[in-house]
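Read-outs: derived from the displayed coordinates by stated rules, not from any lab. Because the structure is predicted, anything quoted here is derived from the model rather than measured. No Cβ is skipped: glycine too gets one built from the backbone with ideal geometry, and neighbour counts run over all protein chains shown.
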Amino acid sequence: MVKKRRYVTEAELLELNALCQILPGPTSTQTIVAIGFTKGGPNLAYLTLLVWMLPAFIVMTTAGVIIAHLQQQNISTAFTKFIMPIAVGFVAFAAFRISKKVVYTWEGVILMILAAVVSFFVRSPFIYPLLLLAGGALTAFKFKSQPIEEKDKFKIEWSNFILWGMVLIFAAVLGGITKALPIRLFENFYRNGSLVFGGGQVLIPFLYTEFVQFKEYLSSEEFLSGFGLVQAVPGPTFSISAYIGALSMREYGVGGEILGAFFASMGIFLPGTFLIFFVIRFWAALKKYRIIKASLEGILAASSGMVITAAILLYQPIEHSLLNVIIIIATFCILTFTKIPAPFIIILGLAAGFIL
């Protein structure tokens with residue numbers, strides 16, 4: 001984008017990525033879509049989104065369909081047994097990496113610990129947005145420590161924000177009236193996609209709480225297998241939504257599984273797209289406000305705490321054997337101290353599962 005195509009400068013790319021870091025939704029996807037928006041407006045941005053998510057969507061939908069078919073035929077899925085502890089190792093590494101990167105003050109450490117404790121004991125999908133809002137509100141009081149910048153006047157165009165809100169309300173109302181599972185899946189993922197700050201790893205505790213613990217659409221083993229597989233797939237981690245959507249609709253056959261994957265994927269990717277369209281127009285002026293900058297510290301610290309909790313929650317349902325503990329630690333160490341790519345680790349885990 002910078003060196004080969006020269007679509008944006010390096011400074012513009014870093015700024016777009018920083019903007020997407022503070023918006024709910026998939027950071028990598030929003031950055032790509034924002035580049036499309038700056039080069040060709042909404043139409044090119046939507047096309048960019050489609051091309052970016054399509055390969056991972058196809059792979060993860062296929063994985064969900066295959067898992068559902070194997071279960072219906074009473075064929076063992078034990079070959080995924082090593083993927084589960086590997087997935088926990090991935091989340092533990094994500095918690096370590098994110099906290100090391102974004103938590104750098106004692107207030108941030110306290111907020112991270114509090115968010116981890118609260119999200120562990122309060123098992124509700126609604127606790128996550130509350131923790132994010134509380135974290136941002138608390139560190140917003142530190143705005144005086146931020147440098148003062150000369151502010152520019154700006155005009156806010158509300159159309160995309162209104163569109164985001166209307167889709168959220170319409171999906172909730174329509175799902176409540178019709179009780180149709182595809183509509184409810186769209187609403188569930190749209191709501192989660194509207195509340196997740198920090199990218200795919202932070203999404204995991206949201207989805208695990210809602211679809212495994214709260215709604216019980218998937219088992220812990222199925223969820224962990226899907227999370228492990230998505231690490232081996234090129235593309236955004238948010239594409240796990242296709243896998244969850246497919247398994248949530250397994251009672252309706254292959255057609256229903258594909259439909260569930262489609263509605264879940266649209267639900268998770270659309271809100272971040274609407275919001276980046278909304279904010280990018282006035283971001284240059286908004287980022288100069290000190291209270292906005294200060295609130296990011298608390299939002300990111302709370303997100304880090306949630307990922308720590310996710311690692312603990314995902315470990316609980318798997319067998320507490322010495323082998324699984326060794327696999328988790330080995331995965332963490334490989335990711336921390338080597339440059340071995342994640343797909344290779346997943347492929348190795350699947351191969352070991354088939355052999356053993």
Which listed residue (202, 56, 33) has the Cα farthest towards the positive end of the charge dipole for the chain, taking +1 on Lys and Arg C-beta and -1 on Asp and Glu C-beta about the Cα centre? 33
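Please identify the trypsin sites (Lys or Arg not before Pro) of region 177-248 that satisfy two criteria: DSSP loop assignment and at most 13 other Cβ atoms within 10 Å. Which are they?
Working: sites: 179, 184, 191, 215; in loops: 179, 215.
Those that pass, being in a loop and sparsely packed, are 179.
Rounded if a/c is under 1.5, else prolate if a/b beats b/c, else oblate: with a ≥ b ≥ c from the C-alpha gyration tensor eigenvalues square-rooted, which is region 1-117?
Working: a/c = 2.81, a/b = 1.20, b/c = 2.34.
Oblate, since a/c reaches 1.5 and b/c is not below a/b.
Given contacts defined as C-alpha pairs under 8 Å and at least six residues apart, what's the relative contact order of region 1-139, whole-number percent? Could you put the intermediate results ahead of the total?
Working: 49 pairs, mean separation 12.7, N = 139.
In percent, rounded to a whole number, it is 9.
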With the 8 Å Cα cutoff and a minimum separation of six or more residues, region 203-285 has a relative contact order in percent of 19
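Apply the a/c threshold of 1.5 to the C-alpha gyration tensor of region 72-170 and tell me whether it is rounded, prolate or oblate.
Values: a/c = 2.46, a/b = 1.50, b/c = 1.64.
Oblate, since a/c reaches 1.5 and b/c is not below a/b.
What does the helix-only formula give at 222 nm for the chain: each DSSP H stretch with n ≥ 4 adding -39500 (n - 2.57), the total divided by the residues, and the result rounded to the nearest 500 deg cm²/dmol? Show your work: numbers first, answer last.
Values: 15 runs with 257 residues, N = 356.
That comes out to -24000 deg cm²/dmol.
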Membrane-span-like helices (DSSP H runs, Cα span along own axis at least 30 Å, mean Kyte-Doolittle at least 0.5) in the chain -> 27-72, 253-279, 290-315
State, to one decimal in nm, how far the label point of residue 4 lies from the label point of residue 122, with both points 7 Å from Cα in the Cβ direction. 4.6
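What range in the chain is the longest one free of GluC sites (Glu not before Pro) that are in a loop by DSSP and have at most 15 other Cβ atoms within 10 angstrom?
Numbers: sites that count: 149, 150, 157, 216, 319.
Here the longest segment lacking exposed loop sites spans 1-148.
Could you tell me which trypsin sites (Lys or Arg not before Pro) in region 1-107 are loop residues by DSSP with no more than 12 other beta carbons within 10 angstrom of their beta carbon? Don't skip to the answer; put the middle values down first.
Values: sites: 3, 4, 5, 6, 39, 81, 97, 100, 101; in loops: 3, 4, 5, 6, 81.
Within region 1-107, the qualifying trypsin sites (Lys or Arg not before Pro) (loop, at most 12 other Cβ atoms within 10 Å) are 3, 4, 5, 6.
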Taking a label point 7 Å from the Cα of residue 289 along the Cα→Cβ vector, which residues of region 110-141 have an amide N closer than 14 Å to it? 137, 140-141
Hand me the trypsin sites (Lys or Arg not before Pro) from region 249-356 located in a DSSP loop with no more than 11 other Cβ atoms within 10 Å, in residue order please. 339
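For a Förster distance of 25 Å, can you work out the FRET efficiency between the beta-carbons of residue 216 and residue 163, rounded to the nearest 0.05? Let's see the in-between values first.
Values: r = 32 Å, r/R0 = 1.29.
So the FRET efficiency works out to roughly 0.20.
Which entries of 39/144; 101/142; 39/100 have Cα-Cα distances beyond 30 Å here? Kindly include the intermediate steps, with their values, before the conclusion.
Working: 39/144 36 Å; 101/142 19 Å; 39/100 34 Å.
Flagged as over cut-off: 39/144; 39/100.
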If a paramagnetic tag sat 7 Å from the Cα of residue 337 along the Cα-Cβ line, which residues of region 60-102 would have the backbone N under 19 Å from that point? 86, 89-97
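Using Cα pairs under 8 angstrom and six or more residues apart, how large is the relative contact order of the chain, in percent?
Values: 545 pairs, mean separation 127.5, N = 356.
Reported relative contact order: 36 percent.
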